1. Report relative contact order for region 68-151 in percent, whole number only (criteria: Cα-Cα under 8 Å, sequence separation at least 6).
2. Cα axis of helix 7-24 to longest principal axis of the chain: angle in degrees, 0 to 90, nearest 10?
3. Please state the relative contact order of region 1-63 as a whole percent: Cα pairs under 8 Å, 6+ residues apart?
4. Long-range amide H contacts for Asn339: which residues qualify at under 5 Å (H placed 1.01 Å from N, peptide plane, sequence gap of 5 or more or a different chain)?
5. Please give the charge dipole size of region 1-96, origin at the Cα centre, charges +1 on K and R Cβ atoms and -1 on D and E Cβ atoms. Round to the nearest 20 debye.
6. With charges only on Cβ, +1 for K and R and -1 for D and E, what is the dipole size of the chain about its Cα centre, in debye, rounded to 20?
7. Mind ranking 176-188, 308-320, 132-144, 247-259 by how tightly packed they are, going by the mean number of other C-beta atoms within 10 angstrom, highest first?
8. Rank these for me by crowding, Ser389, Ser104, going from fewest to most other beta carbons within 10 Å.
Amino acid sequence: MHVDLTAIHWLYVTFIGIIILFLILRRDTSLVCLAGIFLLGLVATESLTSSVSILFSSFIYAITELLSTILVISIIVSMSKALTESGVHQALISPFTRVMKNASLAYWTIGIVMMVVSWFFWPSPAVALIGAVLLPVALRVGLPALGVAMAMNLFGHGIALSSDFVIQGAPKLTADAAGIPVSEVISASVPLIIVMGVVTTVTAFYFLKRDMKKGLLKVESVESDSETETYLLSSTQQKWMAALVFILFAVDIWAMVHFNLQGGDATALIGGTSLIILSILSIMGHKSKGFEEVTNYLIHGFKFGFRVFGPVIPIAAFFYLGDSGFTTIIGDFLPKGSNGIVNDLGFALAHAVPVNPAVAGVTLTTVGAITGLDGSGFSGISLAGSVASLFATAIGHGIATLTAMGQIAAIWVGGGTLIPWALIPAAAICNVSPFELARRNLLPVLIGLVVTTIVAIFLI
């Protein structure tokens, strides 16, 4: 099958190159994406008014595609704030403090709890939920604050966010850009997430213990406000609500498995459950003012959601043009027999240069890491999905594995483990320097990416 590459194809490739360059230079890419969308529309339609309209239409398309993800994350952040203010977060997490008998157990306990909580509540809210309760306990058993921050980062912003098995925000973005179902990306990511998680956390733990023995890390006493803070619910109410939260989410997991709920259905179930919990907490905690407080919690969550996804929307809008979004947004202006810009480029690449799994795997890891340089982790994973589709088309297989590898690299680098300004929440709650935390995470994450890329090459 042969499709002639047109000016539209070359323009798309040019803007991918410009976007990557801007990411390397740590400059914002929103304006570049807007220019790309406008020029693609102008070249395709040869109409100035249509091109201007396409800018707006591309945002509508992107927001429509991302709306369920933005909504569920906003709602979960709203619920997390209610859990914290009511004190229920303490009752949810405090049982794990009994396991933390020494520094080693503290590191692994905090990490695993952070990972599980982050799957349901997202890492940023989870840092607040967990840090306030478990940090003082970890310090008492000899784990430095920097070690606590590393555990929260690597397990939460690393493993949990790059896999995102429950909320499925990350795999939706990459799957949409690659043009494959979310379930395929999730399945392909499981072995890679396990390798990346094990290698990175074990390596980080080894370096941490080594430096503790050398006396390079000292345990600082950090005062916790959790003992003096006044919560909305009594201790008994907190325990009952914690049990209810646990039961409701356990039922959600059962329902996902039993009814094979994935993608939008799984997201809707988690979102609806979170709204129920938020409503109950608001009424119990604020009594007659609960009706107004539900709105305030939701406003807090939506501010967070759109702050996080604000930079993602223009980038996603551009990369949606690489697949079926082009016809929906701009119209039927591609040459006859075209399967979308990215697929056409993939076929051309296959005939132009020798592409193999090794080249594809290394390229996806590199592209993913570069997209993470802006510190968001999410803003560039659409690019990773698009490039994965291109290389998989050239090779003839492996699209899900390549997409998962790009997603993992992007989020581990930019989601809150290496870029200092993305580390601020964990660094702040642990009272450590975000730059020192980034320096500590650097070698374990790089080793993890190398090993995971090698594994991905064999799986393609």
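Since every read-out is calculated from the coordinates, none of them should be taken as a lab result. Please read these numbers as outputs of a predicted model, since none were measured by experiment. Please note: Cβ atoms are built from the backbone with ideal geometry, for glycine as well, and neighbour counts cover all protein chains shown.
1. Numbers: 77 pairs, mean separation 30.9, N = 84.
Reported as a whole number, the value is 37 percent.
2. Compared with the principal axis, the helix lies near 30 degrees.
3. On the way: 36 pairs, mean separation 16.6, N = 63.
With pairs under 8 Å counted, the relative contact order is 26 percent.
4. Long-range HN contacts for Asn339: Asp344.
5. Numbers: 3 positive and 5 negative charges, 59 e Å.
That gives a dipole near 280 debye.
6. Numbers: 20 positive and 23 negative charges, 277 e Å.
Roughly 1340 debye, rounded to the nearest 20.
7. Working: 176-188: 22.2, 308-320: 23.8, 132-144: 20.5, 247-259: 13.1.
By packing density, highest mean first, the sequence is 308-320, 176-188, 132-144, 247-259.
8. Values: Ser389 26, Ser104 17.
The fewest-first ordering by Cβ neighbours comes to Ser104, Ser389.
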